[in-house]
Structure formats: C-alpha cells, structure tokens
1. If you go through segment 47-93 one residue at a time, how many are touching a residue at least 60 places away in the same chain (Cβ under 8 Å) and in contact with a Lys or Arg (Cβ under 7 Å, 6 or more places away or on another chain)?
2. What are the residue pairs meeting all of these: first residue in segment 1-22, first residue more than 16 Å from G35 (Cα to Cα), second residue in a strand (DSSP E or B) and among the basic types (K, R), Cβ atoms under 7 Å, and 6 or more apart or on different chains?
3. Taking the condition part of a helix (DSSP H, G or I), surrounded by 10 or more Cβ atoms within 10 Å (Cβ to Cβ) and at pLDDT below 95, does F64 pass?
4. For segment 1-16, which positions are in a loop (DSSP other than H, G, I, E, B) and surrounded by 14 or more Cβ atoms within 10 Å (Cβ to Cβ)?
5. Would you mind telling me which numbered condition in (1) in contact (Cβ under 8 Å) with a residue 60 or more places away in the chain; (2) touching a Leu at 6+ places or on another chain (Cβ under 6 Å) M33 fails?
6. Which of the numbered conditions does S20 fail, given that it passes all the others? Conditions: (1) modelled with pLDDT of 90 or more; (2) out of contact with any strand residue (DSSP E or B) (no Cβ under 7 Å at 6 or more places or on another chain); (3) within 27 Å of H8 (Cα to Cα).
Amino acid sequence: MVADEIGHGHATVRVPYSDSMLRPGNTVAGPFMMGLADACMYAAALSLLGDVRLAVTTSFNINFLHRPSPADLIAEGRVLKLGKRLVVLEVTV
C-alpha cells in the first residue's frame, strides 16, 4: 500500500495491481478491498488524532456497488465526524 496523500481529515491510499488480488471470475476479492478501505480510514483518522496507539475499528459496513477492473485500487477516505471517543468516516474504493 502507498499513501498517496494524507491531509487534515482525509487520506488517499493506493495498492498497485497484482494478480494475487483476484478471485475466481477475475474480479478483485472483497476482503482485499475491505483491508484497503480500513487502512485508508485509519490514515484519515490519525491525520486528526495524531499518534494514537489504540485506535481500533468498532464498526465497518461495505457496499459493493460495482465490479472493479483489474487495475490499481485507490481508496479515498474522509472524516465525517470527530467525537471525543468515536470517529465516523467514509471511504470509496
């Protein structure tokens, strides 16, 4: 994974394409996209929180709206709400 950009409350993370990302049917495996999305949201959250060792994911929902082409995957995440104990984020892959 490569962090292309990390700014105030947002992040863009890219994974270069590899055949190992594919599942049968020549589509990118869902768990692979979920890992990328989680890493991107973590980077966006830390851009506001700083170095927090115990930042963990408490809830994760994903909707697969289209089949990605076999190419680099790019995740763009942003903080929607920064609370005292919880950060709400969204990401697109």
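The values are calculated or read from the model by the stated rules, or taken from the named source; none is laboratory data. Bear in mind that the values here come from a model prediction, so they are computed numbers and not experimental data. Cβ: placed from backbone, ideal geometry, glycine included. Neighbour counts: every protein chain shown.
1. Of the residues in segment 47-93, the ones touching a residue at least 60 places away in the same chain (Cβ under 8 Å) are 74-79, 82, 93.
Add one more test, that the residue is in contact with a Lys or Arg (Cβ under 7 Å, 6 or more places away or on another chain), and what stays is 74.
The number of residues fulfilling the criteria is 1.
2. Close Cβ pairs satisfying both conditions: D4/R14; G9/R78; H10/R78.
3. Numbers: part of a helix (DSSP H, G or I): no; surrounded by 10 or more Cβ atoms within 10 Å (Cβ to Cβ): yes; at pLDDT below 95: yes.
In short, no.
4. From segment 1-16, those in a loop (DSSP other than H, G, I, E, B) are 1, 8-9, 16; that's our starting set.
Once the filter is applied, which keeps residues that are in a loop (DSSP other than H, G, I, E, B) and surrounded by 14 or more Cβ atoms within 10 Å (Cβ to Cβ), segment 1-16 yields M1, G9.
5. Result: M33 fails condition (2) only.
6. (3)
To keep it simple, each residue is scored yes or no on (1) exposed (fewer than 10 other Cβ atoms within 10 Å of the Cβ); (2) farther than 21 Å from K84 by Cα; (3) touching a strand residue (DSSP E or B) at 6+ places or on another chain (Cβ under 7 Å).
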| site | (1), (2), (3) |
| --- | --- |
| N26 | no, yes, no |
| A29 | no, yes, yes |
| L36 | no, yes, yes |
| A43 | no, no, yes |
| L48 | no, no, yes |
| A55 | no, no, no |
